[in-house]
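Visitor: Have a look at this one before I ask anything.
What follows draws every value from the coordinates through simple rules; no lab data is involved. Worth saying up front: this structure is predicted, and the values here are computed from it rather than measured. Here Cβ is always computed from backbone atoms with ideal geometry, including for glycine, and neighbour counts include all displayed protein chains.
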Amino acid sequence: MKKIKGPLLAATSAVMLAMAMGSSAQAIPFRDDVGDEGAQEFAQGWDGVVQIYLWNRVTGGIGFNCTGSMINARTVISAAHCFDANPEQVYADAPGSLTPIIAFGPDTFVPLFNWINTNQQFVDDLNGLTFGVDLMMHPDSEVNGVNTFPAADVAMIALANPLYTLPTYGMLFSPIPEDVFNEGVLVNQIGYGTFHPGSDNDAGSINGRRRAGENMLGLMASQSDFFQALAGENAGSPVPSDNQLLYWTDFDLPGRTGTCVRANLGATAEDSIFCDDNVPGDGVRLDGDTVILPGPSIDYFPGDALPNEAATGGGDSGGPLMAMNLFNNPLLLGVLSGGFVDGFFTPLGPELWRGELLQSAFHLPPVDQRK
C-alpha cells in the first residue's frame, strides 16, 4: 500500500466491501468557491474525453451512459460496469442492437440534438458524434457468470468513424514506482456526470456538460488492503476481485478544522476512528473492535484540498484518471470504477470527503486477449 494516512493506520469481510462500494459515486463534487462554471472551465482542452449514450434500436430511446477517453482515433476506453448488463454482442451499430453513441464537445447536447434534428453527425472538428460498432469488456470482469466489480472494470469500444480531429491519450501499463508516488502525483479527473458543490448534496442532473477538477493520487491498494489498514489484518477479503490493485483519490474539505483520531470508544470499539465533527448516525462498524464515525474533516490520505479539488459521480464512470506531472504530456493511469456510498466512510450530509476507486490501466488484458 502507498500513502494511506499514518495516524489512521490500525493493527470486513467481502459483504462489508460490497455494502461500502457503489459503481460510481452519486455526483461530482467541486469546491464551492470554484462552482459549476469553474469546473466546466477547468475541463477546457480535454477534447479527447467523450460522453457515451446508449441508443436502443428497438424502442428508439436514447439514454445517458458513461464517460470515456480516446486512446486512438478509433478506440474509446471506458468502464465494464457501464455495459455488463448485456452480453458484448448486444452492442453494435445495427438494427435491433444497443448502439453506443460517442459524443464529444464541451456540451454534447449540441451534437446530439443536431444529429437528431438533421441526421448530421458532425458540427465541427471538436463537436460531433459517432457510433460504436464493437465493444469488448475485460475477460475477467465476469467469472463463471459472477460479476467481479470493481476488478477488471475496463471496456473498449471500436468506432464507426475515426476521429482524427480529437486528441488521444497514452496509457501507463505498469504501476507507478513507489518513489515517484511518494513525491506526489497530480491528477485530473474529467467526466460528463452529475454534479454539485461540496457543501450541498443535491446533485444536478446530467446535462451534457464536461467538467473536470484536480486531485493528488492518494493510494495504490486493493479494497482489501484499505479495510486492513482501517481495522487490522483480519479485516480483508479473500475474494480475488477485492484484492486487485486500484488507484484512489479523495475529495478534501477546504480549510477543514475538525480532528479525526484513533480512539477507544469502549467495549467492542477499542480500535476505532472518531471525528469531532461527526454527525450522530453517520458511521459504520467494520469488525468486533473497530467503528468509524466520520465527519467532513476526515482525511484518509495525506494532503489538503487543491485549488480545483474535485471528485467524480454518476455518469463519470469510465472517465480518465490523468497524471499531469509524470511526463510532458498527460498520461492516462486508469478509468473511474466507483466510490464509497455516503454515511459509510463519509458523512451523510455535505459530501466533503469521498473516496474514489479508479481502475488502473496496467490491469488491461494482454494483447492476444483483445479483439
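Visitor: Tell me, Kirkwood radius of the stretch 186-317 from alpha-carbon pair distances, in Å?
Guide: On the way: mean 1/r = 0.0604 Å⁻¹.
With all distinct Cα pairs of the stretch 186-317 included, I get 16.6 Å.
Visitor: May I ask for the equivalent-ellipsoid semi-axes of the stretch 49-168, computed as the square root of five times each C-alpha gyration tensor eigenvalue and listed largest first in whole Å?
Guide: Numbers: eigenvalues 120, 53, 25 Å².
Calculated on Cα positions only, the semi-axes equal 25, 16, 11 Å.
Visitor: Something else: Provide the gained length on full extension for the span D125 to V261, in nm with one decimal, where the gain is 0.36 nm per separating residue minus the Cα-Cα distance. Provide the component values of the computation, followed by the final result.
Guide: Working: separation 136, 0.36 × 136 = 48.96 nm, distance 5.24 nm.
Fully extending the segment from D125 to V261 adds 43.7 nm.
Visitor: Same structure again: So what is the relative contact order for the stretch 165-220, in percent, with contacts set as C-alpha pairs under 8 Å and at least six apart? Please list the in-between numbers first.
Guide: Numbers: 50 pairs, mean separation 20.2, N = 56.
Answer for the stretch 165-220 is 36 percent.
Visitor: For A73 and N117, what is the calculated FRET efficiency with R₀ set at 35 Å and r taken between the beta-carbons, to the nearest 0.05?
Guide: On the way: r = 27 Å, r/R0 = 0.76.
That pair, A73 with N117, gives E of 0.85.
Visitor: Let me ask another. Taking R0 as 35 Å, what's the FRET efficiency between D32 and V90 from their Cβ-Cβ distance, rounded to 0.05? All intermediate terms of the calculation are to be shown ahead of the outcome.
Guide: Details: r = 42 Å, r/R0 = 1.19.
Efficiency at R0 = 35 Å is approximately 0.25.
Visitor: Between N328 and V58, what length in nm is gained on full extension when 0.36 nm per residue of separation is reduced by their alpha carbon distance? Let's see the in-between values first.
Guide: On the way: separation 270, 0.36 × 270 = 97.20 nm, distance 4.60 nm.
Separation in residues times 0.36 nm, less the Cα-Cα distance, equals 92.6 nm.
Visitor: In addition: Expressed as a rounded percentage, what relative contact order does the stretch 49-168 have, with Cα pairs under 8 Å and six or more residues apart? Don't jump to the answer; show the numbers that get you there.
Guide: Values: 259 pairs, mean separation 34.8, N = 120.
Over the stretch 49-168, the number comes to 29 percent.
Visitor: Here is a follow-up. Please report T249, T259 as a ranked list, fewest other C-beta atoms within 10 angstrom at the top and most at the bottom.
Guide: On the way: T249 28, T259 13.
In order of increasing Cβ crowding within 10 Å: T259, T249.
Visitor: Right, something else. Quick query: amide H of F30 versus all other amide H atoms, modeled in the peptide plane; which residues come in under 5 Å with a sequence gap of 5 or more or a different chain?
Guide: Result for F30 returns H196, G198.
Visitor: Put +1 on the Cβ of every Lys and Arg and -1 on every Asp and Glu Cβ in the stretch 105-238; which of L166, L217, P111 then has its Cα farthest towards the positive end of the dipole?
Guide: Farthest along the dipole direction, towards plus: P111.
Visitor: State the Cα centre-to-centre distance between the stretch 98-129 and the stretch 230-304 in whole Å.
Guide: The stretch 98-129 and the stretch 230-304 have Cα centres separated by 43 Å.
Visitor: If I model a spin label at T268 and S174 as a point 7 Å from the Cα along the Cα→Cβ vector, what separation in nanometres do I get?
Guide: 4.9
Visitor: Could you pull the Cα extents of the stretch 110-252 along its three principal axes, largest to smallest, in whole Å?
Guide: That gives 60, 42, 33 Å along the principal axes, largest extent first.
Visitor: Then there's this: Most exposed first by the Cβ proxy, i.e. fewest other Cβ within 10 Å, how do S78, S297, S69 rank?
Guide: Values: S78 30, S297 20, S69 25.
Ordered by Cβ neighbours within 10 Å, fewest first: S297, S69, S78.
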